[in-house]
Amino acid sequence: MPELPEVEVLVRHLYPQLRNKKIRGVEVNRKRILGSTSERTFRERLRGATFKGLSRRGKYLLFELNRPSTDKSDNAPSQQSSRHATVPIFPPSQPPPLLLLGHLGMTGRMYLLPRRAALPKHAAVVFDLHEHKFVFEDTRYFGQLTLALTALDKLGPEPLGAAFTTGYFVEALKRSRQPIKTKLLDQTLVCGIGNIYASEALFQAGISPLAPARELTKSQVGRLWKAIRKVLTRAIEGGSTVPLNFSGDGERDGLFYFGSAIQSGTYEERLLVYDRAGVPCAECGRPIKRIVQAARSTYYCPRCQRR
């Protein structure tokens, strides 16, 4: 499943393509993608709206649109909901915009196609932008594209944001008996971290994924805080400099994954433990081990990450 860096790279990729594009038509092929938003409401609110901004909150994309006229029934952000989005790439417009929430799920892709291009089999939602079509394709249909913003209400702070401090991290972990790897996947603790980057951050911090969260020392929590920010930052920087192929033409699946081959000649292995079971540790040479925690694979070095 795409994590914070992949979604951030997608936001930066889509923004210049969508900015100021007007939605002339809305095609919904899979209603379950809309969540609690009815198909009728979805069509009525979005037809005629113009893309003005795009930001990210955890693993969610937050599209900001202007409607031709203000409608009281729109989901314009109140004082409470305005805290959901990270700082938009494009400054918020006045009056308050209509917000569209997107989540890629496990297999979702979002990209633009030429107007006359054939739609893929699993195109769940398609926006007519005149010269192009904005496509949300999802093979398994676990993703979402909805006007309901309630999924954002319980998200913890952004790991790269000012609210995610070492003090907050220490206090939050004190209350948890869960293994630290499992706890890092809790989006109410800190949002955007998934299986890949949790394993990588724990390795760089030298902390066992099996250690109970509340038993970590302040020093360990401080190292983990730094490792999380370092790993995510490097992943975003790596993805932002790589040519992307979001339309799915060719061998790639249209998503950037840190440490994976994007195109021929651009491969550089950057992941140190994730999906490297049996491979010698880059630090000590001992084979990387794989275990299962909360039904998810965890990769770590038994020597560098002792309990």
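What follows draws every value from the coordinates through simple rules; no lab data is involved. Please read all numbers here as calculations on a predicted model, not as lab measurements. Ideal geometry is used to build each Cβ from the backbone, glycine not excepted, and the neighbour counts take in all protein chains shown.
Numerical summary
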{"read-out": "Ser38-Thr139 FRET efficiency (beta carbon distance; Förster radius 35 Å; 0.05 resolution)", "value": "0.90"}
{"read-out": "At R0 = 41 Å, FRET efficiency that the Cβ-Cβ distance of Ala295 and Asn29 yields, to 0.05", "value": "0.85"}
{"read-out": "Sequence ranges 176-186, 290-300, ranked by mean other-Cβ count within 10 angstrom, highest first", "value": "176-186, 290-300"}
{"read-out": "Residues Thr139, Thr165 arranged by fewest to most Cβ contacts within 10 Å", "value": "Thr165, Thr139"}
{"read-out": "Pair Arg286, Lys218: separation of 7 Å Cα→Cβ label points (nm)", "value": "2.9"}
{"read-out": "Extension gain (nm, one decimal) between Val170 and Arg270, 0.36 nm per residue minus Cα-Cα", "value": "33.2 nm"}
